[in-house]
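Colleague: Before we start, here is the structure in question, set down as structure tokens.
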Amino acid sequence: MAGGLRIALGALSGLLVGFAALAVAELVAAGIRPQAGPVVAVGGAAIDRTPAAVKDWAVRSFGANDKLVLQAGILAVLAVWAVVLGVLAMRHRRLGAAGVLVFGAVGAASSLSRPDSTGFTGVLPCFVGAAVGAALLYVLIGRLLAPDPASKNSSGRPDELGNAVWDRRGFVIAAAAAAGASAAAGALGRNLNASSGKDAAASRAGVVLPAPGAAAPAVPKGAQVRVAGLSPFITPNKDFYRVDTALVVPKVDAVTWRLRIHGTGVRRPLTLSFDGLLERELIERDITLTCVSNEVGGPYVGNARWIGVRLAGLLAECGVAPPSRGGPADQLVARSVDGMTIGSPVEDVMDGRDAMLAVGMNGEPLPFDHGFPVRMLVPGLYGYASACKWIKDIELTTFDAYDAYWVERDWAPQAPVKTQSRIDTPRPFARPKAGTVMVAGVAWAQTRGIDRVEIRVDDGPWQETTLAAEDTRDTWRQWSFPWQAAKGGHALTVRATDRTGQVQTGTRTRTVPDGASGWHSVVVTVE
Ligand SMILES: Nc1nc2c(c(=O)[nH]1)N[C@H]1C(S)=C(S)[C@@H](COP(=O)(O)O)O[C@H]1N2
Ligand SMILES: [Mo]
């Protein structure tokens, strides 16, 4: 066989093998647990190991698409590796097949290293996929190296051109069969995956949220200013930002869901069911949630009307006392079904603010993306330090004794939300007409409240904006400013003052370790 053809067929075999191994592994995973598939396992392990700065860069560069980019990257690496192994196998058949097994081992090791690892069942998909892949590579390459049984020159001796006569028919049949079987396995796997969330979807469809005992007052009319381009006061669920490490969104069945509360200083440990939770007094609260990864001016902040059970009440029932009243535990660690751990100060959770186990978001059960059936919320703390989605366990411990997931990855153990403000309109590099231009945006300082927002044009003086009515101290506040805009390029800068009198600092810091600070600026050209 000619050198070029040799390489091409080897590469093709490698790709087919990679595809087959992946399809088989995903099929096995679908039968066990969607999270055990190789792409998700390797992707998850990569996320776990991503230094804070790189994660930050990925979120900045790819935004909500960061997970897609990661998975595409993994598939690209897999494809390259498969091609290399296929070509290698043309010379060293056993070595090529062994290389496929090594790849399976990488997937298995990734799966074992995940915080939600299930041990043997977790590594099974990668090993089965790799074994099938290795065997397939051995067979395919065998066809390429074997003499053609139909050829007169069946001894495998070179033909007139000096090329060995290979089993073309055998190869094409084996390759087509492998491609067909892989496609079928892949399709079956996807189907199984789709139906694996069926119980969860049915349980969510069956949820009837009881009327809250303590309903939130109506949002004051004046809280929503009518300026085009301004974020709505209540963020619709479909537009609410999503930040988590889950490559596969956990689908939890509310019927079998349980939450355990236990640990240091818990005199009466408690296990709650979803129905048991709904039978308790429910509170309804408007709370603005912010991500610590939000850049100045960034999109990772949203405001919703939540329904849930007060966490402080549940903890008190369990005999938990905050440190200020002599309790031995200063950290509450929430654990999710996907192995995320999130630590919050017990003092904050029990200091009278509306920390809750939320079951409803804007009038419906929590969407799967936002933590169905139950998530935690603590006003005034960044999400990574308070807002555990798909929660299943609460353990009382100390900050000395335990570092939660993000704390192990360079983020601060404790992180109250910083006072921030954002210009929503005009957009950066907009070209508004000279005259009155409405400048508007939002400002937040959960638990403290916003008392003032000022705008500066270029290097001019700070000018007071008009604040919209306040809903609560835990919600963001809209502001607007009719700007008499003169032609030319201008920079608009915003800063807020919270109710403690603290003016938002202009000192720029990065998001790591405890949230970005600095003023948001927008440059526009007035025409
Ligand atoms: N189980 C789980 N809960 C989680 C996270 C996660 O990765 N896994 N991310 C946290 C972070 S960093 C934030 S900012 C909020 C975001 O909540 P949202 O996606 O509903 O907006 O969820 C928090 N809860
Ligand atoms: Mo976050």
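The values are calculated or read from the model by the stated rules, or taken from the named source; none is laboratory data. Just so it is clear, the structure is predicted and the values come from calculations on it, not from any experiment. Cβ coordinates were reconstructed from backbone atoms using ideal geometry, including for glycine residues, and neighbour counts include every protein chain displayed. Ligands, DNA and RNA are excluded from the accessible area calculation, which covers all protein heavy atoms including side chains. Shrake-Rupley method; radii C 1.70, N 1.55, O 1.52, S 1.80 Å.
To keep it simple, each residue is scored yes or no on (1) in a helix (DSSP H, G or I); (2) in contact with a Gly (Cβ under 7 Å, 6 or more places away or on another chain); (3) modelled with pLDDT under 90.
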position: 19; (1), (2), (3): yes, no, no
position: 22; (1), (2), (3): yes, yes, no
position: 25; (1), (2), (3): yes, yes, no
position: 67; (1), (2), (3): yes, no, yes
position: 86; (1), (2), (3): yes, yes, no
position: 99; (1), (2), (3): yes, no, no
position: 102; (1), (2), (3): yes, no, no
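Results for (1) within 25 Å of residue 410 (Cβ to Cβ); (2) touching an Asp or Glu at 6+ places or on another chain (Cβ under 6 Å), shown as yes or no for each residue.
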site: 279; (1), (2): no, no
site: 282; (1), (2): no, no
site: 285; (1), (2): no, yes
site: 290; (1), (2): yes, no
site: 303; (1), (2): no, no
site: 311; (1), (2): no, no
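Colleague: Same structure again: Of all residues in the stretch 455-476, count the ones that are farther than 17 Å from residue 301 by Cα, charged (D, E, K, R) and touching a Ser or Thr at 6+ places or on another chain (Cβ under 8 Å).
Modeller: Final tally of qualifying residues: 1.
Colleague: Continuing with the same structure: Only one of 63, 44 is assigned to a helix (DSSP H, G or I), within 18 Å of residue 106 (Cβ to Cβ) and not β-branched (Val, Ile, Thr). Can you tell me which?
Modeller: Result of the check over 63, 44: 44.
Colleague: Now a separate question. Within the bounds of the stretch 268-288, is there any residue that is more than 30 Å from residue 504 (Cβ to Cβ), more than 16 Å from ligand 2 (Cβ to nearest atom) and of a type in the set (S, T, N, Q)?
Modeller: Yes, some residue in the stretch 268-288 is more than 30 Å from residue 504 (Cβ to Cβ), more than 16 Å from ligand 2 (Cβ to nearest atom) and of a type in the set (S, T, N, Q).
Colleague: Take the stretch 327-341 and flag every residue that is more than 15 Å from ligand 2 (Cβ to nearest atom) and among the hydrophobic types (A, V, I, L, M, F, W, C).
Modeller: 329, 332, 333, 337
Every residue, every condition in (1) open to solvent by 10 Å² or more (accessible area, probe 1.4 Å); (2) more than 16 Å from ligand 2 (Cβ to nearest atom); (3) over 27 Å from residue 236 (Cβ atoms); (4) modelled with pLDDT under 95, yes or no:
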residue: 355; (1), (2), (3), (4): no, yes, no, no
residue: 360; (1), (2), (3), (4): no, yes, no, no
residue: 365; (1), (2), (3), (4): yes, yes, no, no
residue: 374; (1), (2), (3), (4): no, yes, no, no
residue: 377; (1), (2), (3), (4): no, no, no, no
residue: 380; (1), (2), (3), (4): no, no, no, no
residue: 391; (1), (2), (3), (4): no, no, no, no
residue: 425; (1), (2), (3), (4): yes, yes, no, no
residue: 443; (1), (2), (3), (4): no, yes, no, no
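Colleague: Report yes if some residue within the stretch 448-470 is open to solvent by 30 Å² or more (accessible area, probe 1.4 Å), within 18 Å of residue 379 (Cα to Cα) and of a type in the set (Asp, Glu); otherwise report no.
Modeller: Looking through the stretch 448-470, at least one residue is open to solvent by 30 Å² or more (accessible area, probe 1.4 Å), within 18 Å of residue 379 (Cα to Cα) and of a type in the set (Asp, Glu).
Colleague: Can we say residue 56 is open to solvent by less than 50 Å² (accessible area, probe 1.4 Å) and not in a helix (DSSP H, G or I)?
Modeller: No.
Colleague: For the stretch 192-201, enumerate the residues that are open to solvent by 60 Å² or more (accessible area, probe 1.4 Å) and without any contact (Cβ under 8 Å) to a residue 40 or more places away in the chain.
Modeller: Pass one, the stretch 192-201, residues open to solvent by 60 Å² or more (accessible area, probe 1.4 Å): 192, 194, 196, 198-199.
Correct list: 194, 198.
Colleague: Is there a residue in the stretch 281-294 that is under 21 Å from residue 364 (Cα atoms) and surrounded by fewer than 19 Cβ atoms within 10 Å (Cβ to Cβ)?
Modeller: The answer is yes, given that some residue of the stretch 281-294 is under 21 Å from residue 364 (Cα atoms) and surrounded by fewer than 19 Cβ atoms within 10 Å (Cβ to Cβ).
Colleague: Right, something else. Checking the structure you have, find out if any residue of the stretch 313-325 is within 30 Å of residue 232 (Cβ to Cβ), more than 16 Å from ligand 2 (Cβ to nearest atom) and surrounded by fewer than 21 Cβ atoms within 10 Å (Cβ to Cβ).
Modeller: Within the stretch 313-325, not a single residue is within 30 Å of residue 232 (Cβ to Cβ), more than 16 Å from ligand 2 (Cβ to nearest atom) and surrounded by fewer than 21 Cβ atoms within 10 Å (Cβ to Cβ).
Colleague: Among the residues of the stretch 99-110, are any surrounded by 16 or more Cβ atoms within 10 Å (Cβ to Cβ) and over 20 Å from residue 14 (Cβ atoms)?
Modeller: yes
Colleague: What are the residues in the stretch 394-423 that are open to solvent by 20 Å² or more (accessible area, probe 1.4 Å) and within 13 Å of ligand 1 (Cβ to nearest atom), if any?
Modeller: 406, 407, 409
Colleague: Out of 70, 95, report the one residue that is within 21 Å of residue 136 (Cβ to Cβ) and out of contact with any Phe, Trp or Tyr (no Cβ under 8 Å at 6 or more places or on another chain).
Modeller: The unique qualifying residue is 95.
Colleague: Say whether the condition of being away from ligand 2 (no atom under 15 Å from the Cβ), in contact (Cβ under 8 Å) with a residue 60 or more places away in the chain and in contact with a helix residue (DSSP H, G or I) (Cβ under 8 Å, 6 or more places away or on another chain) is met by at least one residue in the stretch 394-408.
Modeller: Within the stretch 394-408 (the criterion being away from ligand 2 (no atom under 15 Å from the Cβ), in contact (Cβ under 8 Å) with a residue 60 or more places away in the chain and in contact with a helix residue (DSSP H, G or I) (Cβ under 8 Å, 6 or more places away or on another chain)), the answer is yes, since at least one residue qualifies.
Colleague: Would you pick out the residues in the stretch 225-246 that are open to solvent by 80 Å² or more (accessible area, probe 1.4 Å) and within 12 Å of residue 478 (Cα to Cα)?
Modeller: Result: 226, single match.
Colleague: Here's another thing I want to ask about it. Check every one of the strands (runs of 3 or more DSSP E) wholly within the stretch 432-527 and list those with 3 or more residues that are under 30 Å from residue 404 (Cβ atoms).
Modeller: Working: elements: 435-444, 450-457, 462-464, 477-485, 488-498, 520-526.
Where strands (runs of 3 or more DSSP E) fall fully within the stretch 432-527 and carry at least 3 residues being under 30 Å from residue 404 (Cβ atoms), they are 435-444.
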